[in-house]
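The values are calculated or read from the model by the stated rules, or taken from the named source; none is laboratory data. Keep in mind it's a predicted model, so treat the numbers as computed, not measured. No Cβ is skipped: glycine too gets one built from the backbone with ideal geometry, and neighbour counts run over all protein chains shown. Heavy atoms of the whole protein, side chains included, go into the accessibility calculation; ligands, DNA and RNA do not. Shrake-Rupley method; radii C 1.70, N 1.55, O 1.52, S 1.80 Å.
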Amino acid sequence: QRQRGLREGRRRLHYSPHLPAMKRSSPENEEAASSTEKRQRSPSFQQPSDVLHLNVGGTLTAVLRRTLTSIEGSMLASRFSGRWDDSLEKDRDGNFFIDQPIGLFQPMIDYLRAKACETMLAPPVTSPEFDDVRKLKDFVRMVEYFGMTAGIYPTELEMCRGEISASKISGHPHLGVISSEYATFTLETRGHKRPIRSFSVILGDVEKIEIGLVRANHFVKKLRKGDHRGVGMERYTFCLDCSQGGLLYEGSFTKLDGLSTEKGTLIRCENKGERWLVNGQVVASSIALEDSFHLPPDLQQYSLIPAFSGKGSWQVCEVELDPMISDHKTSIS
């Protein structure tokens, strides 16, 4: 009788009509749950609207993720993209730690915030300025370290010859020109005095184009309408004349054998005109062994501005700044 009672108890434990049946998780359900968990941990779940809490040199502050990542391609944007959040340095409270003085980092963030809400109805946002030369050097060094130079000190194209209504200029990070009439443009930085040392141009549909340099203190940049001679023909100007296939300095032309260009051609000017490359091949160099090219003596100085005269479309890229501040002539290392 005792054994019969034990058997009945076991049957009641194995099955009860009043208890819901337990569903065993299928492989498909487990895979779906794992996939959801991975997506939640992935960088795509890090939103631009995320508020990031930072400890900058001991000072706590909060910044939107999209502010820190607003300069595409910069090291700062990569660092705070969300991909590396788990591996970034943090303080004991979990705030992201940035080992920079707040007096340098905050002006950079304030500039990015101002650019985010810039409008045509207000004065343009200018790069941070410092009265103290040492602080300026430290700021530039920090900006360079974070790969933010192109964003904090953007280069800009400006028309100085031609009809404004016939041209369209695009700004950083996609610098370029579309002009239905022959016009001249200069390329300069804003907010600081570091000149442009090297740059590249990608040709689009161009009917005529000259790519070169003008002397900053002599070339008159005041906008002029109507006919003009263009870079290489005007005084204090020098260029690679893509239409004629040679170098042009104040109207004096030197033919370069084999030089030809077409849509998609990449032209690079290095070290303020000392070396010219077309699709990676050197076509002229003042430091070459042969005597085919000599940089004009009065252009062998840092006060040069890239300039372009042409009709058609082209893009400017790979802009490299000189590591010298012309105001103080002090090297930034």
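Things worth noting here:
- Search result, residues across segment 250-272 that are surrounded by fewer than 12 Cβ atoms within 10 Å (Cβ to Cβ) and part of a loop (DSSP other than H, G, I, E, B): GLY251, ASP257, GLY258, SER260, GLU262, GLY264
- GLY280 being surrounded by fewer than 17 Cβ atoms within 10 Å (Cβ to Cβ), out of contact with any His (no Cβ under 9 Å at 6 or more places or on another chain) and at pLDDT 60 or above: yes
- Scanning segment 100-112 for residues that are open to solvent by 20 Å² or more (accessible area, probe 1.4 Å) and within 30 Å of GLU318 (Cβ to Cβ) yields a total of 3.
- Filter pass, SER309 being out of contact with any Cys (no Cβ under 8 Å at 6 or more places or on another chain), modelled with pLDDT of 85 or more and polar (S, T, N, Q): no
- Only residues that are aliphatic (A, V, I, L, M) and either surrounded by fewer than 16 Cβ atoms within 10 Å (Cβ to Cβ) or touching an Asp or Glu at 6+ places or on another chain (Cβ under 6 Å) (or both) were counted across segment 193-202, and they come to 0.
- Scan of segment 60-99 for residues that are touching a strand residue (DSSP E or B) at 6+ places or on another chain (Cβ under 6 Å), open to solvent by less than 60 Å² (accessible area, probe 1.4 Å) and assigned to a loop (DSSP other than H, G, I, E, B), ordered by number: LEU88, ASP91, ASN95
- Taking the conditions (1) surrounded by 12 or more Cβ atoms within 10 Å (Cβ to Cβ); (2) not in a loop (DSSP other than H, G, I, E, B) in turn, ASP205 satisfies each one other than (1).
- One residue stands out among those in segment 113-131 that are hydrophobic (A, V, I, L, M, F, W, C) and either part of a helix (DSSP H, G or I) or within 16 Å of SER74 (Cβ to Cβ) (or both): the one that is most open to solvent (accessible area, probe 1.4 Å), which is ALA116.
- Annotation note: Cβ proximity below 7 Å between a residue of segment 121-137 that is within 23 Å of GLU188 (Cβ to Cβ) and a residue that is surrounded by 10 or more Cβ atoms within 10 Å (Cβ to Cβ) and among the aliphatic types (A, V, I, L, M) (sequence gap 6+ or interchain) occurs for VAL125/ALA114; SER127/ILE152; PRO128/MET108; PHE130/LEU136; LYS137/ILE332.
- Among (1) under 25 Å from ASP322 (Cβ atoms); (2) touching a Phe, Trp or Tyr at 6+ places or on another chain (Cβ under 9 Å); (3) not in a loop (DSSP other than H, G, I, E, B), the one test that GLY232 misses: (3)
- Some residue of segment 181-192 being over 17 Å from CYS160 (Cβ atoms) and either surrounded by fewer than 18 Cβ atoms within 10 Å (Cβ to Cβ) or among the charged types (D, E, K, R) (or both): yes
- SER165 being over 24 Å from the mean Cα position of the chain (by Cα) and outside any strand (DSSP E or B): yes
- The set of residues in segment 208-240 being within 22 Å of THR254 (Cα to Cα), open to solvent by 60 Å² or more (accessible area, probe 1.4 Å) and basic (Lys, Arg) consists of LYS208, ARG229, ARG235.
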